[in-house]
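To keep things clear, I will list the structure first and then write my remarks on it.
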Amino acid sequence: MFLLISSCISAQNITIKGKAHASHSGKKVSVYTYQDYITKYKLLEATDTVENDGFFELKMYSKITQPVFVQIENYVGKLYVKPDYVYGVIFPEIEEEYKHYENAELPINLSIVGRDTSELNMMILDYDRLYNYIFLPKNNEFLTHNRLFKKADTLKVVCDKRYAKNNEQYFINYYNYHIAGINASLSRGEKFLISNFILNKPIQYKSFEYMQFFGSCFSNYLNSIASMGKGQTLYQIINVNANLNQLNEFCKKDKFLENDSLRELVIIRNMWDLYYNPEFNKESIKALVSEINVKTKNEEHKFLTDCMLKSFFKMQSGSAAPSFFARGRTGTLESFEKFKGRWIYLNFFSTKNLESLKEMGKIDLLRKKYGDKVIFVSICVDDSINAYQNYLKLNPKYNWQIWFNQLGGVKQTAKDIYNVVGSEAYFLINNFGTLVLSPATPPSKGIEYKLNAIFKPARNKTKTGIR
């Protein structure tokens, strides 16, 4: 096996062809990604069973370069993948001493099959060798903090020189923020860390290393500001007032938070921390995160707060999908429960939201493609029932389950139960009644790839490396 970029885009544009040690034969192997880098909720992308000869194959779809986690039992190996690649990996035998830790995820090193030194994983291995050479103590040397600081600076200089002609942006971010993380672990100092690695640099939302470093810099940061400031306390702003404008003004006083996007991301990151702090009111945190979700102009921040709200309201993937009642086309009471035992793609839309309306046409195409394999349910969240009825009249070919959110006598609507903030949301529910994707991707952003993986499991017999 070897690694090679594909010449065309398939339904699942990333394939991991693996060979596991004989001790793993017959076991389930899975590949996961992170939903986002604040909640760090794991999303299952694909599964397979290790065959008698050790081979397995995992297919997934991604538009971005990102780390994925290949797992057998509680043993997890990290692999960096990018769109349109086939990867060859070897899952090793587990050493005897590790087999006693059955309740904890244990990291293992995947071996990458290939000789392409310009491939991302190979470059990371090269960087790891540099790191070990510089940081491993030599001749029993005693490593003081100042000595470690110098080693971190040396590593940065050596990497900048060695990779000066490297055009792989993800790798450049990788080593820069891995080095930033080293400095953070050495408690280099807030001013040094933020000034050198955060300020006046683009926010790398999709970089695992950047967001790890960002979290180490700004976790519990609002409490740090509060301890040095005067005026209203953070406790009063959040617990008593739950006032986003006051919180924003409170954060503006900090010299590192003058940039609007950076300040908002710091607030979002801290809301996640404070939600689990017993000194702060969870309902107030929910209200503030919901307000950010509605008001933010940053799509990344909207996505992050949406993921947080799903977690707060126990609507994350893996949870039971709640049932609800809604108004049907003819005014009758419709129950979501009647689709129990079926795969369901649930979406919320509004006739006033043009983006959500565009997705309805794509849902119609998906419905025709998957037939009775998937039930499609759309909920109109308009205030006006006339707008809903007019939409149905104008689109007679849209003949799947399109219901109206509001219904007399129902205390909680579908929108309330699914904690939909705004007028657009998507969920994928399996035949066991579990949320598989929450939130799910809209049709225009790749839900079809996930459905293909579920309903077209036939394995491609093409050998790794063959175009």
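So, LYS201, is that one part of a loop (DSSP other than H, G, I, E, B) and touching a strand residue (DSSP E or B) at 6+ places or on another chain (Cβ under 9 Å) or not? No, not satisfied. Taking segment 164-175, which residues are under 29 Å from the mean Cα position of the chain (by Cα) and without any contact (Cβ under 8 Å) to a residue 24 or more places away in the chain? Within segment 164-175, ASN167, GLN169, ILE172 qualify.
Within segment 120-147, the residues that satisfy the criterion of being at pLDDT 90 or above and of a type outside the set (Phe, Trp, Tyr) are LEU120, ASN121, MET122, MET123, ILE124, LEU125, ASP126, ASP128, ARG129, LEU130, ASN132, ILE134.
Yes/no per residue for (1) touching a residue at least 60 places away in the same chain (Cβ under 8 Å); (2) surrounded by fewer than 13 Cβ atoms within 10 Å (Cβ to Cβ); (3) over 23 Å from ILE417 (Cα atoms):
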position	(1), (2), (3)
LEU346	yes, no, no
LYS352	yes, no, no
SER356	yes, no, no
MET360	no, no, no
ARG367	no, no, yes
ILE385	no, no, no
LEU392	yes, no, yes
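For segment 192-202, filtering for residues that are crowded, with 17+ Cβ neighbours inside 10 Å and in contact with a Leu (Cβ under 9 Å, 6 or more places away or on another chain) leaves 1.
Annotation: of all residues in segment 401-416 being surrounded by fewer than 17 Cβ atoms within 10 Å (Cβ to Cβ) and in contact (Cβ under 8 Å) with a residue 24 or more places away in the chain, the one that is nearest to LYS310 (Cα to Cα) is GLN412. Taken across segment 136-143, residues that are touching a residue at least 12 places away in the same chain (Cβ under 8 Å) and either charged (D, E, K, R) or assigned by TED's automatic domain parsing to the domain that holds SER185 (or both) do not occur at all. Inspect segment 410-430 for any residue being over 29 Å from GLN35 (Cβ atoms) and out of contact with any Pro (no Cβ under 7 Å at 6 or more places or on another chain) and give the result as yes or no. Scanning segment 410-430 turns up at least one residue that is over 29 Å from GLN35 (Cβ atoms) and out of contact with any Pro (no Cβ under 7 Å at 6 or more places or on another chain).
Restricting attention to segment 315-333, which residues are of a type outside the set (Val, Ile, Thr), more than 27 Å from PHE455 (Cα to Cα) and out of contact with any Asp or Glu (no Cβ under 6 Å at 6 or more places or on another chain)? Selection gives PHE325, ARG327, ARG329, GLY331, LEU333. Among the residues of segment 232-242, those identified as out of contact with any Ser or Thr (no Cβ under 9 Å at 6 or more places or on another chain), touching a residue at least 12 places away in the same chain (Cβ under 8 Å) and surrounded by fewer than 19 Cβ atoms within 10 Å (Cβ to Cβ) are GLN232, TYR235. Within segment 116-125, being within 27 Å of the chain's Cα centre (by Cα) and in contact (Cβ under 8 Å) with a residue 24 or more places away in the chain holds for SER118, GLU119, LEU120, ASN121, MET123, ILE124. For segment 276-320, a residue qualifies if it is under 19 Å from the mean Cα position of the chain (by Cα), of a type in the set (Ser, Thr, Tyr), part of a helix (DSSP H, G or I) and over 15 Å from GLY422 (Cβ atoms), and exactly one does: SER311. Only one of GLY422, GLY433 is within 26 Å of LYS369 (Cα to Cα), surrounded by fewer than 19 Cβ atoms within 10 Å (Cβ to Cβ) and not charged (D, E, K, R); which? None of the others qualify; the one that does is GLY433.
Identification of helices (runs of 4 or more DSSP H) wholly contained in segment 350-467 with 2 or more residues that are modelled with pLDDT of 95 or more and either in contact with a Leu (Cβ under 8 Å, 6 or more places away or on another chain) or not assigned by TED's automatic domain parsing to the domain that holds VAL289 (or both) yields 354-370, 385-394. Tell me which of these ILE179 doesn't satisfy, since it passes every other one: (1) assigned to a loop (DSSP other than H, G, I, E, B); (2) touching a helix residue (DSSP H, G or I) at 6+ places or on another chain (Cβ under 7 Å). Here ILE179 meets the rest and fails (1).
The values are calculated or read from the model by the stated rules, or taken from the named source; none is laboratory data. Only a predicted model underlies this, so the values are computations on that prediction, with no experimental measurement involved. Here Cβ is always computed from backbone atoms with ideal geometry, including for glycine, and neighbour counts include all displayed protein chains.
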